[in-house]
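A quick write-up on the structure given underneath.
The values are calculated or read from the model by the stated rules, or taken from the named source; none is laboratory data. Because the structure is predicted, anything quoted here is derived from the model rather than measured. So basically every Cβ, Gly included, is an ideal-geometry build from the backbone, and we count neighbours across all protein chains shown. These accessible areas exclude ligands, DNA and RNA; they are computed on the full protein's heavy atoms, side chains included. Shrake-Rupley method; radii C 1.70, N 1.55, O 1.52, S 1.80 Å.
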Amino acid sequence: VLHSNEGHFFINYLIEPEKLSMIQENQDLMARLEVNGSVYSMDDKTVYEFSRNIPIKIPAARLAMIQQKRFSFQDYFPLIEGRYKINILVRNVVSKEFTSIEKEVVIPKADKPWISAITLAHKVDKAPQSAGLDKPFLVGDNQLQISPRNDFLTGDTVYAYFQLQNFTDAQLANGHIKYTIYK
């Protein structure tokens, strides 16, 4: 859950399949992912549904160059204050492989103090070309480059990002945040 500069809360998510099965069609490798999401209130009423089709086409000549890289898909959607259950189903139409995730989220009241969950990033791009737009994991002029695996190595720089909302000037001036990093 990230809060935008315009005052809206967005659910940001990233999907990174462990493997991506593809078929060869002419000189290209092809896959097509379907991402279906549902948001439910705590009494199981449907609040929001979405569907995304993600065609993937890679020229066979580029396969060796990108074979060791991971594919990821990022998206986001707005939600108003409340407590929700979110289901996301990802299906590779070509191979019939699928996976899903269910998560509970809380969107805080707009006028109450709030500290977001910590998001870990490998890199933060300052003032990217898309600054000022709304897009996944873009906060102000900072584009967070995250990994869902949190696979940081010794010597890596880790960026820990979180947001504070609706704290008084006195709370911000006199407060402190204590954190502990475990192995």
* **residue 145 vs. criteria part of a strand (DSSP E or B) and surrounded by fewer than 14 Cβ atoms within 10 Å (Cβ to Cβ)** => yes
* Asked: Among the residues of the stretch 69-105, how many are within 22 Å of residue 144 (Cα to Cα) and exposed (fewer than 12 other Cβ atoms within 10 Å of the Cβ)?
  -> 2
* Asked: Do the conditions hold for residue 134, that is, is it surrounded by 12 or more Cβ atoms within 10 Å (Cβ to Cβ), charged (D, E, K, R) and either touching a residue at least 12 places away in the same chain (Cβ under 8 Å) or out of contact with any strand residue (DSSP E or B) (no Cβ under 8 Å at 6 or more places or on another chain) (or both)?
  -> yes
* Asked: If you take the residues in the stretch 7-49 that are touching a helix residue (DSSP H, G or I) at 6+ places or on another chain (Cβ under 8 Å) and of a type in the set (S, T, N, Q), which one is surrounded by the most Cβ atoms within 10 Å (Cβ to Cβ)?
  -> 24
* Structure fact -> When the stretch 125-157 is checked residue by residue, the ones that are of a type in the set (A, V, I, L, M, F, W, C) and within 16 Å of residue 12 (Cα to Cα) are 133, 137, 138, 139, 144, 146
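Residues are listed down the side, and each one gets a yes or a no for (1) assigned to a loop (DSSP other than H, G, I, E, B); (2) at pLDDT below 90; (3) more than 18 Å from residue 4 (Cβ to Cβ):
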position	(1), (2), (3)
120	no, no, yes
124	no, no, no
132	yes, yes, no
151	yes, yes, yes
181	yes, yes, yes
* Are there any pairs, at least 6 apart or on different chains, whose C-beta atoms fall under 7 Å, with the first in the stretch 5-21 and closer than 16 Å to residue 89 by Cα and the second of a type in the set (Val, Ile, Thr), and if so, which? -> 11/1; 11/86; 11/105; 13/88; 14/146; 15/35; 15/90
* **First in the stretch 145-169 and in contact (Cβ under 8 Å) with a residue 12 or more places away in the chain, second anywhere and small (Gly, Ala, Ser) and open to solvent by 60 Å² or more (accessible area, probe 1.4 Å), Cβ under 8 Å, 6 or more apart** => 162/117; 166/110
* Asked: When you scan the stretch 53-101, how many residues do you find that are without any contact (Cβ under 8 Å) to a residue 24 or more places away in the chain and of a type in the set (Asp, Glu)?
  -> 0
* Asked: Hey, any hits in the stretch 111-121 for a residue that's more than 28 Å from residue 73 (Cα to Cα), open to solvent by 80 Å² or more (accessible area, probe 1.4 Å) and touching a Pro at 6+ places or on another chain (Cβ under 9 Å)?
  -> no
* **Identity of the residue in the stretch 52-79, under 17 Å from residue 99 (Cα atoms) and hydrophobic (A, V, I, L, M, F, W, C), that ends up modelled with the highest pLDDT** => 54
